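The block underneath contains the structure these notes are about, expressed in structure tokens.
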Amino acid sequence: MSRLIPFRLPKDLGLGCATAATQIEGGSTDNSWYEWAAKKGKIKDGASPKRANQHWQLYEQDIQLMAQMGMEHYRLGIEWSRIEPAQGKFDDSVMEHYRTEIKLLLRNNIHPLITLHHFSNPMWFERMGAFENSSCIPIFLNYVTYVVEHLKDLCTDFVTINEPNVYATNGYMYGDWPPGKKSLFAAMRVMKNLSLCHVAAYREIHRIYGSKKAMVGFANHLRVFVPYTKNPIYAAEAKISEYLFQGAITKSMSTGKLAFPIGFSAPFGKGKYYDYIGINYYTRSAIKHFNSYSSPNCKTNDLGWDIYPEGLTMLCREQYKKYNAPIWVTENGTCDKADRFRAQYIYDHIKQIADNKLPVKRYYHWTFLDNFEWTEGESAPFGLVKCDFATQKRTVRKSGIFYSEMIKRKQVSEDMIARFLRAEDTTEKGTAP
Ligand code: BGC
């Protein structure tokens with residue numbers, strides 16, 4: 001455990017939380033994840049996003065709770081399959097639902113950041129080959145135009161695409177996610193098309209906003225890569241893995257110039273296609289034989305992921321140096337079923353931002369409440385708020401209360417350390433909303 005010292009939060013650091021539509025809304029069945037979950041053995045506990053958190057119905061209660069917790073920012077997703085159930089046919093009533101939800105956030109002084117794509121596709125799009133098919137660009141753009149035109153009076157901030165590298169590698173290289181392909185070439189094609197979709201969407205959103213300010217970027221999954229031991233071969237492998245997993249895609253998405261091996265050209269012109277640097281940071285990868293392991297003797301979370309707060313500083317510094325824009329930590333969080341170390345995780349990561357004076361302007365904790373965690377189903381709780389999926393009862397975890405106090409008091413005080421971090425037994429003692 002790191003030394004526990006009180007600290008003040010930077011005055012200009014906005015704090016909040018993030019979710020994704022498919023992971024919380026429930027009900028929607030016409031998307032790639034619903035189909036995937038219906039196949040035997042794809043989701044560890046057999047759960048389906050059809051249930052999730054029923055947030056589509058319970059959004060008022062959830063926003064109420066966010067407001068009570070003092071959230072200043074909320075990153076929320078739009079479910080493409082609901083908005084455009086058939087190609088080119090948009091459902092205005094769905095859009096109206098999102099507008100109502102966003103208005104409620106605004107009334108509660110919670111600033112929305114809209115994610116346009118977060119891992120899930122409408123089935124009609126999936127059947128066409130989704131982002132492997134180069135015709136995806138005008139199709140995605142059409143959806144983006146519709147959504148942004150309908151939100152431009154309410155929102156200013158957008159994430160075009162969430163974690164293009166995770167989407168491409170899990171779905172097209174490792175085959176663990178829809179559509180279950182195992183081809184490095186397919187993964188590269190997908191990264192290329194996602195880069196172009198992002199650039200096109202960035203330009204389109206700014207076209208729609210004209211002289212009005214909009215903040216557009218993508219949520220980039222970044223890890224720290226290290227060799228498993230001091231072996232120089234592993235060191236070389238770590239460098240190559242880092243470049244293939246995140247270096248090339250970051251450059252392609254940010255500059256519009258496709259980087260080898262994703263591509264060579266700049267089909268939409270070279271430029272600067274981000275207004276903030278969006279970083280989703282969770283963990284470190286120790287590389288041996290091009291496989292990723294947890295580092296020897298490192299603390300890990302319930303999924304075996306290294307807990308390595310210093311990595312946030314390393315990545316923020318590196319990205320800021322390369323891309324020079326305000327940083328928004330668009331996701332950071334951990335899987336901790338018993339809520340034993342989540343408060344400490346939050347403390348350690350936000351302390352990195354404060355102590356090292358990182359140019360981070362927003363921090364979105366992943367996640368607001370336990371959700372449908374992709375292939376882990378309902379069994380990997382990342383929530384500040386616990387969800388009993390059968391009853392849909394929400395309970396704020398002790399770490400959630402800690403985070404809430406941190407936001408409200410803009411500091412971690414000695415008494416907070418005593419109550420939340422030093423207490424021997426920090427397991428599950430939340431409160432009902
Ligand atoms: C994703 C989230 C996911 C989280 C935890 C991120 O990679 O954007 O959708 O729930 O990690 O696994």
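Computed from the coordinates by the stated procedures, all read-outs in this text should not be read as laboratory data. Note that the structure is a prediction, hence the values are computed from the model and not measured. Virtual Cβ from ideal backbone geometry, glycine too; neighbours counted across all protein chains shown.
Would the chain count as rounded, prolate or oblate if I go by the C-alpha gyration tensor, calling it rounded below 1.5 in a/c and otherwise prolate when a/b exceeds b/c, oblate otherwise? Rounded, since a/c falls under 1.5. GNM remark for the chain: springs join alpha carbons under 10 Å apart, and the peak mean-square fluctuation among E84, E414, E72 falls on E414. Listed by chain and number, the aspartates and glutamates placed with their C-alpha closer than 14 angstrom to that of K50 are E25, D30, E35, E79, E373, E378; residues fewer than eight positions away on the same chain are left out.
Please tell me which of these pairs span more than 19 angstrom C-alpha to C-alpha: K40/K181; K299/K337; K11/K103? Check vs 19 Å cut-off fails for K11/K103.
Pair-distance distribution P(r) for segment 132-210, from all Cα-Cα distances in 5 Å bins starting at 0: 3, 16, 24, 20, 15, 11, 8, 4, 0 percent.
With a ≥ b ≥ c taken as the square roots of the eigenvalues of the C-alpha gyration tensor of segment 302-371, please select rounded if a/c is under 1.5 and otherwise prolate if a/b is larger than b/c or oblate if it is not?
Judged from the Cα gyration tensor, segment 302-371 comes out prolate (a/c at least 1.5, a/b above b/c).
Evaluating 6.51 cos²θ - 1.76 cosθ + 1.60 at θ = phi - 60° for every residue in segment 279-295, the Karplus couplings come out as 10, 9, 10, 10, 7, 10, 10, 9, 9, 9, 6, 6, 9, 9, 10, 7, 6 Hz, glycine and proline recorded as x. Hey, which aspartates and glutamates would be in cross-link range of K152, C-alpha to C-alpha under 14 Å, not counting anything within fewer than 8 residues on its own chain? Within reach: E96, E204.
Here are some pairs, K89/K182; K44/K257; K44/K321; K361/K393; K212/K386; K192/K321; which of them have Cα atoms lying more than 28 Å apart in this structure?
Going by Cα-Cα distance, K89/K182; K44/K257; K44/K321; K361/K393; K212/K386 fall outside the 28 Å limit.
Taking segment 40-101 on its own, what percent of its Cα-Cα pair distances exceed 15 Å? Summing the P(r) of segment 40-101 above 15 Å gives 65 percent of all pairs. Applying both filters, DSSP loop and at most 16 other Cβ atoms within 10 Å, to the chymotrypsin sites (Phe, Trp or Tyr not before Pro) of segment 331-433 eliminates every site. What are the membrane-span-like helices in the chain by this rule: whole DSSP H runs, Cα extent along the axis at least 27 Å, mean Kyte-Doolittle hydropathy at least -1.0? Membrane-span-like by this rule: 184-209. When both segment 99-118 and segment 272-302 are represented by their alpha-carbon centers, they are found 29 Å apart. All C-alpha to C-alpha distances of segment 237-358, sorted into 5 Å bins beginning at zero, yield P(r) values of 2, 10, 17, 19, 19, 15, 11, 5, 2, 0 percent in whole numbers. For segment 1-59, the list of trypsin sites (Lys or Arg not before Pro) that fall in a loop by DSSP and count at most 12 other C-beta atoms within 10 angstrom reads R3, K11, K39, K40. The amide H of E373, built 1.01 Å from its N in the peptide plane, has E378, S379, A380 as neighbours under 5 Å, considering only residues 5 or more places off or on other chains.
The trypsin sites (Lys or Arg not before Pro) of segment 326-415 that DSSP puts in a loop, and whose beta carbon has at most 11 other beta carbons within 10 Å, are K357. Antiparallel beta bridges, as assigned by DSSP with both residues in the chain, represent about 25 percent of the total such bridges.
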